[in-house]
Amino acid sequence: MNRPNYIVAAATLFVFYAIAHVDAQVTASSRGDIHGLVVNAGTRSPINNAEVDVMIGSDSARASHEMTSADGRFKADGLPPGRYRLRIRALGYSPKVLPSVVIPAASLSADIGTIALSALALELQHVVVRDQKQAVELSPDRNTYVVRDMPTTRGGSAIDVLRTVPSVDVDIDNIVSLRGNSGVVLQINGRPSPLKPAQLGNYLAQLPADMVDKVEVVPNPSAKDDPEGVAGIINIVLKKETDAGTSGGLTVSGGTTGRADVGGNVGYQHGPLALYGSYGFLRDNRPRSDSIYRENLYTAPLTYLDERGIRTQIPLAHTLTGSAEYALGEKDQVSADLNYSTRSEQETNTILYRDLNAARVLTGLSDRVIKGTNHEFNLESSLGYKHAFAKKGHRLSAEAGMVRAREGGPTTLEAHDFALNGTLTDISAIESATGYEHPNENSLKLDYSRPLSSVLKLETGYKGSLQTFHITQDTRVFDQASSAFFPDTTRISDFTYDQNVNAVYAILNGQRGSFVMQGGVRAERATTQFRLNMNSATYDNNYKSLFPSALVAYNIDESSQVKLSYSTRIRRPDDTDQIDPTLHYQDPLNIQRGNPNLQPEYTRALELGLQKSRDKMTMQVTPFFRHTINAIRRISTIDSTGVATRTFANIATSNAYGADATVALTGGPLTGFTGASAFRQVSDAGNLDPSLSARTFGWSARMNASLRVSPTFDVQTLLFYRAPMTVEQGRSGSNLRFSMAARRKLMSSQLSLTLRLTDPFNMSTERFTTTDPRFYQVSDRHRSIRGVLLSVNWMFGKPSKDREGDQIDSGDNGPP
């Protein structure tokens with residue numbers, strides 16, 4: 001690590017320490033406590049892991065959040081004398097609110113005695129652990145991470161939020177993976193997007209973190225969920241809850257990275273009407289460097305290629321969200337949601353090529369300079385209706401959705417040849433290109449649930465979606481002899497991809513004592529057509545699929561659970577990069593071509609889950625196994641002229657097995673979680689080339705810890721490490737990320753200041769080594785994200801983050 005790294009890290013750590021030390025000295029001499037006992041009203045037995053929220057007077061700002069121990073007792077300390085309001089909650093019990101608890105200045109202690117909570121009937125029991133900064137909800141079918149108030153993501157994007165979630169990783173191209181598998185479906189508010197991984201990653205990179213409420217991870221979804229994504233589902237839930245009256249907030253952030261964003265939200269709720277809207281603006285400027293060092297083994301003697309590039313991208317993005325809900329009566333509700341974003345991005349990419357002989361002496365020098373503007377917009381809207389019948393758990397809901405999007409723009413290229421001393425000798429190529437992608441979707445979804453008995457419930461429904469992708473690419477090359485541009489027919493494309501999927505599902509949920517059982521099946525019919533409009537060539541791929549799922553969970557006690565689940569998933573070859581056979585040039589030596597004959601990839605997944613909550617700690621261990629047939633893989637080849645081509649193909653099978661482990665700590669000054677994921681993967685590519693088969697082992701670990709120094713000051717750190725891993729045709733290098741933040745709350749927590757340090761050691765680099773009989777190549781990619789960011793957040797009205805604790809959600813997944 002060089003000297004600037006040490007200086008930045010040391011200076012930031014000193015600032016954090018100084019703020020914390022001063023704050024602690026000011027408040028230490030006048031702190032008091034509130035303590036008491038929480039019991040079951042019927043049995044008078046103590047309740048373990050009950051939540052106690054301490055609010056300041058009639059305000060909703062939390063001064064402390066505690067969990068009861070095994071004997072039902074709690075103690076909230078570090079509180080100055082004054083009047084507080086307490087809210088006591090426990091899963092399966094009616095919550096209770098104490099409107100006025102006073103800590104006297106004389107004794108600095110308040111004993112509230114014994115609080116008795118009445119038991120409630122539950123539809124499906126969960127093991128839940130929450131704290132005031134991040135809630136970790138461990139359910140039989142999904143894990144939910146409430147990230148709305150994390151200091152380490154303030155001033156960041158939804159991509160930064162995802163990087164805090166266990167078992168989730170995001171690479172330098174903003175491609176998201178779960179347990180090392182990029183075949184994961186990203187949903188927004190429970191709706192899958194037709195945007196493909198690269199486009200969706202760009203959208204999430206411009207979505208302000210302040211708009212994200214929580215992230216749900218569903219590694220083994222049921223037949224009720226869309227089956228896309230062999231690795232599972234990650235659902236990003238945006239903020240849209242409102243409280244009585246008017247509430248909202250404003251966030252302004254900026255820093256040394258060149259990133260600046262402004263965002264605001266406002267909510268209104270009165271009677272049957274609830275409205276919510278938010279807006280975010282983002283400007284970013286984070287240069288990226290790429291390098292390739294290749295040994296050309298197909299030449300004798302050896303030759304080498306040393307390729308280095310610098311890419312600058314400066315996006316200006318606007319994001320708007322809105323939602324409206326109206327209760328037509330006690331049983332009916334209509335809703336509307338809207339997400340709109342637009343982005344204009346200036347991009348420059350300069351690549352320098354150095355050809356070397358066997359003695360690694362320079363023999364050739366050239367470059368390419370690419371400049372362009374990328375325009376993007378995304379519009380997602382939906383209309384929903386819900387009806388509740390007289391019997392509890394008897395419901396009907398319907399939703400119609402629409403997505404309209406576009407991405408692309410003009411680019412220009414100029415290539416130069418140089419003498420070995422760097423003198424320009426020739427302008428070897430001048431090109432212009434314009435490409436656009438238009439992904440659209442219309443969908444309709446119906447869901448119906450009905451209790452069949454006191455222990456059995458039926459869920460059934462239908463979903464139909466029609467997706468259309470229209471892609472155009474026009475490339476023209478300048479002819480110096482005639483001083484005119486002419487089309488390059490090998491790089492002109494105009495194609496349409498239509499995908500129509502109709503599905504029905506049925507699930508039975510049952511609960512008998514401590515056992516929870518679920519079984520179901522989803523039947524789908526997909527019709528697809530890929531049309532090359534230039535020559536009228538078509539590729540049809542129609543198929544039918546069944547997706548069974550099952551889950552058995554046993555609640556050992558109120559804080560322990562074991563579960564076993566099974567599901568079948570699919571990865572459709574609908575990414576335009578995968579199926580477009582047109583040549584796409586990164587440069588003349590690196591091209592990509594899709595494969596329109598790709599078949600769907602199917603995965604059968606089995607997962608065991610063990611959960612245990614004790615005192616202020618919750619532990620979860622999840623072993624899993626995945627068997628995949630027709631696995632889609634990226635394959636690289638090189639020809640005798642040194643041109644490397646990447647394409648896609650189906651390999652025979654791929655088996656992956658491993659385990660996740662997460663430990664969450666809550667209820668005290670130190671909160672957060674630490675987690676690790678390890679897996680073994682065995683790929684059989686004998687149908688293509690036995691040399692492409694691979695056996696690999698990978699693991700990653702992550703820690704997210706928050707220290708509450710005082711009721712108004714906290715510090716948070718995030719550390720992530722992914723070990724190097726062998727994959728098909730090569731090996732990926734290790735990856736390390738580190739960030740930390742300090743936050744000070746003012747004005748009864750309505751105003752907060754957050755100072756965030758990202759990547760202090762400048763280690764945001766990804767390395768991939770490709771090994772092939774014809775070439776050996778090392779690729780490095782680095783994005784400059786090191787810097788210090790300052791964020792100011794102001795809230796007015798009652799923050800929606802405190803609203804959810806006023807009631808217990810009985811859920812919709814279990815029997816009545």
Out of THR251, THR425, PHE377, whose Cα points farthest toward the positive end of the dipole of the chain (charges: +1 Lys, Arg; -1 Asp, Glu; placed on Cβ)? THR251
May I ask you to list the trypsin sites (Lys or Arg not before Pro) in the range 270-359 that are in a DSSP loop and have at most 15 other Cβ atoms within 10 Å of their Cβ? LYS331
A student asked for the Cα radius of gyration and Dmax of the range 428-516 in angstrom ought to give 26.5, 85
Under the Karplus curve 6.51 cos²θ - 1.76 cosθ + 1.60, θ = phi - 60°, whole-Hz ³J(HN,Hα) for the range 155-168, x wherever Gly or Pro sits: x, x, 10, 4, 4, 5, 4, 4, 6, 8, 8, x, 6, 9
Give me the angle, in degrees from 0 to 90, between the Cα long axis of helix 3-27 and the longest principal axis of the Cα atoms of the chain, rounded to the nearest 10. 10
Along its principal axes, what span do the Cα atoms of the chain show, with the longest given first and each in whole Å? 91, 62, 47
Cα to Cα, under 15 Å, and not fewer than 8 places away if on the same chain: which aspartates and glutamates meet these conditions relative to LYS612? GLU137, ASP557, GLU558, ASP660
Which residues' amide hydrogens lie under 5 Å from the amide hydrogen of GLN187, considering only partners 5 or more residues apart or on another chain, with H built in the peptide plane? ILE234, ASN235, ILE236
Considering only C-alpha atoms, what is the centroid distance from the range 655-718 to the range 469-495, in Å? 46
Name the residue farthest towards the positive end of the dipole of the chain from the options PRO315, TYR566, GLN511, assuming +1 on Cβ of Lys and Arg, -1 on Cβ of Asp and Glu, about the Cα centre. GLN511
Counting sequence-distant residues (5 or more places) and residues on other chains, those with an amide H built under 5 Å from that of ASP488 are THR475, ARG476, VAL477
Using the Karplus equation 6.51 cos²θ - 1.76 cosθ + 1.60 (θ = phi - 60°), what ³J(HN,Hα) coupling, rounded to whole Hz, does each residue of the range 735-743 give in order, writing x for Gly and Pro? 9, 10, 10, 8, 8, 8, 8, 10, 10
Computed from the mean reciprocal separation of all distinct C-alpha pairs, what Kirkwood hydrodynamic radius does the range 331-477 have, in Å? 20.7
Charges only on Cβ, +1 for Lys and Arg, -1 for Asp and Glu: so what's the dipole of the range 454-570 about the Cα centre, in debye to the nearest 20? 480
Need one word for the range 228-309: rounded, prolate or oblate. Basis is the Cα gyration tensor (sqrt eigenvalues a ≥ b ≥ c); a/c below 1.5 gives rounded, then a/b vs b/c decides. oblate
Rg/Rh ratio calculated on Cα atoms of the range 288-394 (Kirkwood radius): 1.44
Cα to Cα, under 25 Å, and not fewer than 8 places away if on the same chain: which lysines meet these conditions relative to LYS331? LYS224, LYS239, LYS240, LYS386, LYS391, LYS392, LYS445, LYS457, LYS463
Please say if the range 155-271 is rounded, prolate or oblate, where rounded means a/c under 1.5 for a ≥ b ≥ c the square roots of the C-alpha gyration tensor eigenvalues, and otherwise the choice is prolate for a/b larger than b/c and oblate otherwise? oblate
Can you run phi through the Karplus equation (6.51, -1.76, 1.60; θ = phi - 60°) for the range 548-553 and list ³J(HN,Hα) in whole Hz, with x for Gly and Pro? x, 8, 8, 8, 10, 10
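None of the figures in this text is laboratory data; all of them are computed from the coordinates on show. As the structure is a computational prediction, the values presented were derived from the model and not from experiment. Every residue, glycine among them, receives a Cβ derived from its backbone with ideal geometry; neighbour counts consider all protein chains shown.
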